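Scroll down for the structure; my scribbles are underneath it.
The values are calculated or read from the model by the stated rules, or taken from the named source; none is laboratory data. Source: prediction; values computed, not measured. Methodologically, a virtual Cβ is constructed for each residue, glycine included, from the backbone with ideal geometry; neighbour enumeration extends over all protein chains shown.
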Amino acid sequence: MRSKRLVGLFATCALLLAAAVTATPNPAMAQASQTPITIGFGMALTGGLAPNGKAALLAMQIWEEDVNAHGGLLGRPVKLVYYDDQSNPATVPGIYTKLLDVDKVDLVVSGYATNMVAPALPVVMQHKRTFLGLLGLSVNSEFNYPNYFSIAPTGGAKPKQAFSKGFFEVAMAQTPKPKTLAIVGADAEFPRNAIDGARELAKEAGLKIVYDRTYPPTTADFTPIVRAIGATSPDLVFVASYPPDSVGMIRAAHEVGLKAKLFGGGMVGLQATAIKTQLGPLLNGIVDYDFWLPVGFYATQEALEFLKRYQAKAPAAGVDALGFYLPPFAYADLQVLQQAVEGTKSLDQQKLADYLRSHTFKTVAGDIKFGPNGEWTESRVMEVQFQNVKGNDVEQFKDPKVEVVLWPPSLKTGDVIYPYTDAQK
């Protein structure tokens, strides 16, 4: 009888223990049982913007992993829902219509680059969604949508001018001062905005514009354009271009033997590691903008830890090996969104927008605070010059000694080699 009672007692204890284990909350299991919070976007995974677009996606996927490892948002996992926009603005409205009407995502952010942010905005406005734009230059200047917020360091009251301010600051500090300027860029959203800003700054500096043309975005041969620029003998050449154009323009400048004193300014693509290693010494002397390098106040412990994790994943993902330019901002983009959701404890679009307007956000790209039209309250654009690039080895770009920061003074790491041709010797 005693043995039967003991067996029964053990069985009862086992059942009670099992019940207790079952009743103990398991955050991971609880999160897994919840419907994900979905964040939708298009991204340039093929086409001319893909080198930067794929790097941005990896950074966003790292954020997704991080957030889910810590319980998700509002107790729910997060899920990125994205489609390849093919670096083609024409695909963007359809992608965002699908995300919002078919996929019914909870939140939307933009893909990479001005040309992709701008065509998404009307669809987002129609659906009354809050929208974060990734490296879009002054996109909201035409729309004035109150619930748009820019994740780009071209802030302040005049974002178009902020993009190229460093180029003109460096140029006008030279002796003797330059007098003439050539402006060229593609006939598309980003180059037009950049060129508008350059014209304004040229006027303020008293520069005479001797060449001011755009070219079709499909242009492949830039030699005739560079020859036409050279025929006007400009002191400065400001180029607003996306990656394929930037490469083509630089190769044409070397072929023609461009004699400008300063060359560059608004060339997208020269920040990408693959393009740096492709061009190698052809980069020497070019003065161009940059948004992020591991120098000065950018090189925080949080930012460097993020880059370490990004760089460990980059080879398998086949993306930019260093991740200096866009990945910190792509990660910061979702950090801002995360903090707004957590701060409001809501997915309500208006509550999110109101919170974004009234708070400062801590990110791997630095503190972000939004001002009028959703732009940053302060600009944080650098101007750099490629110097002493030798060969096509990636190692020289890891420590940005070959990318000398010329401006702003707080980040300056060296002096400009002027004129442009002297840096090529």
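Determine whether residue 353 is in a loop (DSSP other than H, G, I, E, B) and among the aliphatic types (A, V, I, L, M).
The answer is no for residue 353.
Can you find, within region 105-129, the residue that is surrounded by the most Cβ atoms within 10 Å (Cβ to Cβ) among those that are without any contact (Cβ under 8 Å) to a residue 24 or more places away in the chain and within 17 Å of residue 348 (Cα to Cα)?
Checked region 105-129; the qualifying residue surrounded by the most Cβ atoms within 10 Å (Cβ to Cβ) is 125.
For region 8-16, indicate whether the set of residues that are modelled with pLDDT under 95 and in contact with a Pro (Cβ under 7 Å, 6 or more places away or on another chain) is non-empty.
Residues of region 8-16 modelled with pLDDT under 95: 8-16.
Then keep just the ones that are in contact with a Pro (Cβ under 7 Å, 6 or more places away or on another chain); that gives none.
No; the residues of region 8-16 include none that is modelled with pLDDT under 95 and in contact with a Pro (Cβ under 7 Å, 6 or more places away or on another chain).
Restricting to region 130-172, give me the number of residues that are surrounded by fewer than 16 Cβ atoms within 10 Å (Cβ to Cβ) and either in contact with a strand residue (DSSP E or B) (Cβ under 9 Å, 6 or more places away or on another chain) or modelled with pLDDT under 95 (or both).
Count: 3.
Among the numbered criteria (1) more than 24 Å from the chain's Cα centre (by Cα); (2) surrounded by 20 or more Cβ atoms within 10 Å (Cβ to Cβ); (3) in a helix (DSSP H, G or I), which single criterion is violated by residue 181?
(3)
Could you check region 381-425 and list, in sequence order, the residues that are touching a residue at least 24 places away in the same chain (Cβ under 8 Å), in contact with a Leu (Cβ under 9 Å, 6 or more places away or on another chain) and of a type in the set (Asp, Glu)?
Listed by number, the residues that qualify are 383, 403.
Cβ-Cβ distance below 7 Å, separation of 6 or more or different chains: which pairs start in region 341-357 with a residue that is in the same structural domain as residue 367 (by TED's automatic domain parsing) and end on one that is surrounded by 14 or more Cβ atoms within 10 Å (Cβ to Cβ) and of a type in the set (Phe, Trp, Tyr)?
The qualifying pairs are 343/355; 344/355; 356/149; 356/370; 357/370.
Can you list residue pairs whose Cβ atoms sit under 7 Å apart, with the first residue in region 69-97 being closer than 11 Å to residue 111 by Cα and the second being among the charged types (D, E, K, R) and in a loop (DSSP other than H, G, I, E, B)? Count only pairs 6 or more apart in sequence or on different chains.
92/85; 95/85
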